[in-house]
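Q: Here it is, the structure in full.
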Amino acid sequence: MRITRSVQRLEAYVPGEQPKSRRVVKLNTNENPYPPSPECAKVLKGFDLDALRRYPDPEFAALRAAIAKRFRTTSDRVFVGNGSDEILALSARAFVEDDELIASLDPSYSLYKTLAAIRNVEWIGRREGMRLDPKTSLFLWTNPNAPTGVLAPVDEIAAFAKSFRGVVIVDEAYADFARWNAMDLATADANRNVIVMRTFSKSYSLAGLRVGFCVGPADLIAALYKVKDSYNVDAVAQAVALAAFKDRAYHAKTVKAVVKTRKAFVKELEKRGWDVLPTDSNFAFAKPPAPLKAADVFRYLKSREIYVRYFPGPLTGERLRITIGTDGQMETLLKAVDEL
Ligand SMILES: Cc1ncc(COP(=O)(O)O)c(C=O)c1O
């Protein structure tokens, strides 16, 4: 049995913990604390089992058409993936040659680096003012960024894309919680290299379903179709995601509730001397006041069955990423912090 050298060297991505206990206050993987739209339950209950006998629509036509309509574009500019993570992996296949590089903001979603390693190409984390290697052919711009929550102006992304020779994917996993987004860049005919990516995992409360989508120039979207598995999004996922997508009122209500809780929670942390980066997301990236250390607070909270995320390292190690849950969950966390 032979395992390739790149896989032997590979440091696998470490997803946030998924504890079995229901008692855990789970604020570590940016899931939505509210249930998915009740329309999803209706679809599941009424799902025709016979439909499972057949393969699903390989082109997810209904979901794609709904997404295209919402963003006032055409279906040939829309792609759907088994989670947006799959779209990232397919992009690394479709847009990067073996001797090219993948780059992203730094810090950012740590999966990008792993994806580059799986693709066996180099990953570069770009800091302010840094010049990219001219062989960079895919840039992943998370907006709002993760784990910081900070939102970049669309103009900045547009100017970057103009100067960049490769494909820019604006990863908007958290954009529904933000003040603005870059979708117009993806639907504009003049744009040749920007793809905007969204997910059903966060604002639609469907992380368990695994559906993400992206919008962009038709030639890039067609390239993603070429490299995908034939049936990458299962029949149940297509139907449930469509139901959630159509229930705009419920989606808006959930997003509003999360944003309201976020604002109140950030204020409470700041009252307690925490430094919180400005966040447009469903999480806060926060530094506890001295002499507290993020790593110690992380361990302490875990001992109280409150899970948040800690990313060690020079750029992230001073802070904790805390998902915004319900008001009750945030109160539990604040109470534990007060008892520290
Ligand atoms: C920035 C970012 N992009 C993409 C994803 C993955 O989303 P999905 O569940 O659609 O694969 C996440 C999940 O945490 C994320 O934080």
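Q: Only residues that are among the hydroxyl-bearing types (Ser, Thr, Tyr) and part of a strand (DSSP E or B): list them for the stretch 101-131, please. Before you say what the answer is, go through the steps one by one.
A: Keep residues of the stretch 101-131 that are among the hydroxyl-bearing types (Ser, Thr, Tyr), which gives 104, 108-110, 112, 114.
Across the stretch 101-131, the qualifying residue is only 104.
Q: Right, something else. Looking at the stretch 216-237, is at least one residue of a type in the set (Ser, Thr, Tyr), over 30 Å from residue 48 (Cβ atoms) and either under 18 Å from the mean Cα position of the chain (by Cα) or away from the ligand (no atom under 12 Å from the Cβ) (or both)? Talk me through it step by step, then tell me what you get.
A: The first filter runs over the stretch 216-237 and keeps only residues of a type in the set (Ser, Thr, Tyr), leaving 225, 230-231.
Retained after the next criterion (residues that are over 30 Å from residue 48 (Cβ atoms)): none.
No: zero hits.
Q: Given (1) in the same structural domain as residue 173 (by TED's automatic domain parsing); (2) within 18 Å of the chain's Cα centre (by Cα); (3) surrounded by fewer than 19 Cβ atoms within 10 Å (Cβ to Cβ); (4) not charged (D, E, K, R), where does residue 311 come up short, assuming only one miss?
A: (1)
Q: Kindly indicate which of 157, 169, 195 is touching a helix residue (DSSP H, G or I) at 6+ places or on another chain (Cβ under 8 Å), modelled with pLDDT of 95 or more and part of a helix (DSSP H, G or I).
A: After applying the criteria, what remains is 157.
Q: So in the stretch 162-182, with the set limited to residues that are under 14 Å from the mean Cα position of the chain (by Cα) and aromatic (Phe, Trp, Tyr), which one is nearest to the ligand (Cβ to nearest atom)?
A: 174
Q: Against the definition (within 30 Å of residue 56 (Cα to Cα), assigned by TED's automatic domain parsing to the domain that holds residue 134, among the hydroxyl-bearing types (Ser, Thr, Tyr) and buried (at least 17 other Cβ atoms within 10 Å of the Cβ)), how does residue 225 come out, yes or no? Outline the logic, then answer.
A: On the way: within 30 Å of residue 56 (Cα to Cα): yes; assigned by TED's automatic domain parsing to the domain that holds residue 134: yes; among the hydroxyl-bearing types (Ser, Thr, Tyr): yes; buried (at least 17 other Cβ atoms within 10 Å of the Cβ): no.
So residue 225 fails the test.
Quick grid of which residues meet (1) away from the ligand (no atom under 16 Å from the Cβ); (2) within 22 Å of the chain's Cα centre (by Cα); (3) surrounded by 15 or more Cβ atoms within 10 Å (Cβ to Cβ):
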{"site": "5", "(1), (2), (3)": "yes, no, no"}
{"site": "14", "(1), (2), (3)": "no, yes, no"}
{"site": "53", "(1), (2), (3)": "yes, no, no"}
{"site": "78", "(1), (2), (3)": "no, yes, yes"}
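Q: What number of residues in the stretch 172-189 are among the aliphatic types (A, V, I, L, M) and assigned to a loop (DSSP other than H, G, I, E, B)?
A: Of the residues in the stretch 172-189, 4 are among the aliphatic types (A, V, I, L, M) and assigned to a loop (DSSP other than H, G, I, E, B).
Q: Under 6 Å between Cβ atoms, at least 6 apart or on separate chains: pull out the pairs that start in the stretch 76-105 with a residue that is closer than 21 Å to residue 234 by Cβ and end on any residue that is among the small types (Gly, Ala, Ser) and surrounded by fewer than 21 Cβ atoms within 10 Å (Cβ to Cβ).
A: 78/68
Q: If residue 85 meets every condition in (1) in a loop (DSSP other than H, G, I, E, B); (2) surrounded by 11 or more Cβ atoms within 10 Å (Cβ to Cβ) apart from one, which number is that one?
A: Of everything listed in (1) in a loop (DSSP other than H, G, I, E, B); (2) surrounded by 11 or more Cβ atoms within 10 Å (Cβ to Cβ), residue 85 misses just condition (1).
The values are calculated or read from the model by the stated rules, or taken from the named source; none is laboratory data. Worth saying up front: this structure is predicted, and the values here are computed from it rather than measured. All Cβ positions, even for glycine, are placed from backbone atoms using ideal geometry, and neighbour counts span all protein chains on display.
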